[in-house]
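Novice: Have a look at the structure that comes next, please.
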Amino acid sequence: MSSSAELQELYRQEQISFQFLARHKHDFNNCVANVNLIKDYFQQHRLEWSLENLEKAFLELKPQLAPAGAVIVTSQASAPEPPPPPVPAAPVVRPVAEPLGLGMDEINSWDGPTMRRKMADPAARKQIDACLAAEAELQRLARQQDARQRQRQMENQ
């Protein structure tokens with residue numbers, strides 16, 4: 001597969017992932033554990049990355065998935081962290097939904113004292129950091145998508 005074809009396939013898979021996440025903002029917890037379960041399901045069943053197959057995996061795995069809105073906490077006293085996993089064959093589902101109901105509009109509406117108070121609270125700080133990380137990822141993906149579109153336009157000229 002040529003690099004252009006690989007880019008097109010990766011873009012197609014990202015679009016499908018975004019559609020799935022948009023459909024399941026409130027009933028899919030986009031955490032590493034759930035993403036890995038879905039990825040393993042796709043590999044085990046040798047499925048093509050499609051919206052229909054994502055829906056099928058979601059329905060079949062729903063009883064095993066961490067519930068939406070749940071915060072997955074790992075103990076710091078646990079065993080040493082394993083080495084990073086190999087690059088998956090299927091794309092990793094990216095965060096799209098805003099974590100735990102906190103959104104950029106709400107964060108942007110806070111004045112300075114409110115922001116300082118919220119940042120001093122460890123639980124609120126964690127939510128703010130997660131929201132900001134999701135927003136940064138969305139912006140990165142949007143820039144990446146724009147670059148791909150510009151590349152396609154240049155190739156078509």
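The values are calculated or read from the model by the stated rules, or taken from the named source; none is laboratory data. Keep in mind that what you see is a predicted model, and the values were worked out from it rather than measured. With ideal geometry, Cβ positions are generated from the backbone for all residues, glycine too; neighbour counts draw on all protein chains shown.
Novice: Residue by residue through the range 120-157, note down the ones that are acidic (Asp, Glu), surrounded by 11 or more Cβ atoms within 10 Å (Cβ to Cβ) and under 27 Å from residue 22 (Cα atoms).
Specialist: Passing the criteria: 129, 135, 137.
Novice: Right, another one. Which one of 46, 117 is at pLDDT 85 or above, out of contact with any Asp or Glu (no Cβ under 8 Å at 6 or more places or on another chain) and surrounded by 11 or more Cβ atoms within 10 Å (Cβ to Cβ)?
Specialist: 117
Novice: Could you please find all residues in the range 29-62 being among the aromatic types (Phe, Trp, Tyr) and more than 19 Å from residue 11 (Cβ to Cβ)? It would help to see each step written out before you state the result.
Specialist: Of the residues in the range 29-62, the ones among the aromatic types (Phe, Trp, Tyr) are 41-42, 49, 58.
Within the range 29-62, 41, 58 meet the criteria.
Novice: Right, something else. Exactly one condition in (1) of a type in the set (A, V, I, L, M, F, W, C); (2) under 24 Å from residue 102 (Cα atoms); (3) in a helix (DSSP H, G or I) is not met by residue 28; state its number.
Specialist: Looking at each condition in turn, residue 28 falls short on (3).
Novice: For the range 130-151, how many residues meet the condition of being among the acidic types (Asp, Glu) and under 15 Å from the mean Cα position of the chain (by Cα)?
Specialist: Of the residues in that region, 2 qualify.
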